[in-house]
Each structure stands twice: as C-alpha cells, then as structure tokens.
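I have placed the structure first, in the form of structure tokens, so that the comments after it can refer back to it.
The values are calculated or read from the model by the stated rules, or taken from the named source; none is laboratory data. This is a predicted model, so every value here is computed, not measured. Ideal geometry is used to build each Cβ from the backbone, glycine not excepted, and the neighbour counts take in all protein chains shown.
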Amino acid sequence: MSSFPRKILVSPGFGAGWSSWCYGPKEAAQFVAEYEPIIKFLENGGKPKEEFEKLVEELSNIMEKKFGVDFYAGGSKNLRVVEVNGPYMIKEYDGFESVLEQENSDLWFY
C-alpha cells in the first residue's frame with residue numbers, strides 16, 4: 001500500500017485523457033498517473049517545453065518496456081498536479097479527467 005498524501009497527474013482538458021487513456025493493466029495507468037519526473041517538472045514551473053516533451057517520450061518508452069503498452073500521450077498538454085489523501089480513481093469524460101477519492105475498494109489505486 002502506498003503512503004498518503006501523494007501527488008498525481010490529471011488532464012482536466014477535453015480532447016484526450018492522460019492515465020485514463022492508458023490501455024493495459026491497472027498498474028500501467030497508476031504508473032502514468034504517479035509518474036514522479038513529470039510531477040516534479042510541473043511543480044518546478046513546467047519549462048522549457050523541450051524538456052517536458054523529453055520526459056513524456058521517456059515515459060512512453062518505459063511504458064512499452066515495462067507494461068507492453070503503446071502509451072498515447074495526447075492529454076499531456078493539459079496536465080495538472082493534484083494531491084490525493086487516500087485511494088483514488090480517475091474518471092474521464094471526453095478526455096476531461098477528474099479525481100474521486102474513497103476509503104476502500106478493489107477498483108481504486110492505493
């Protein structure tokens with residue numbers, strides 16, 4: 001079980017999601033949502049754009065090697081860092097992601 005509170009990535013813009021568009025095992029989507037290099041980058045101002053693109057490409061390569069997932073990163077332009085205080089689920093509608101938190105369930109990321 002992971003410790004809380006912790007920070008995650010969500011894409012609240014319509015068009016494409018981030019972790020919600022990560023098709024593969026639940027662990028792959030959680031890995032994308034909690035990818036610390038991008039979280040730190042965004043918290044430190046999110047510039048330059050070229051560095052961000054490099055981090056997204058590195059993540060895509062890791063996803064292929066670690067999970068066998070061809071990760072679509074279209075939601076990266078809208079990424080935001082959100083802090084969660086317990087198990088969470090990322091819901092998506094037309095690319096717009098929102099975070100739900102709950103105390104206990106097998107469907108939630110811990």
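Some values worked out for this structure:
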quantity	calculated
Among residues of segment 1-13, those that are surrounded by 12 or more Cβ atoms within 10 Å (Cβ to Cβ), more than 9 Å from the chain's Cα centre (by Cα) and assigned to a loop (DSSP other than H, G, I, E, B), counted	3
Odd one out for F31 among (1) modelled with pLDDT of 95 or more; (2) part of a loop (DSSP other than H, G, I, E, B)	(2)
Every pair of residues 6+ apart whose Cβ atoms lie under 6 Å, when the first sits in segment 30-47 and is touching a residue at least 60 places away in the same chain (Cβ under 8 Å) while the second is part of a helix (DSSP H, G or I) and surrounded by 19 or more Cβ atoms within 10 Å (Cβ to Cβ)	A33/S19
Of all residues in segment 25-76 being among the polar types (S, T, N, Q) and closer than 16 Å to V10 by Cα, the one that is nearest to the chain's Cα centre (by Cα)	Q30
Residue list for segment 45-100, restricted to those being under 18 Å from G24 (Cβ atoms), part of a strand (DSSP E or B), of a type in the set (A, V, I, L, M) and in contact with a helix residue (DSSP H, G or I) (Cβ under 9 Å, 6 or more places away or on another chain)	I90
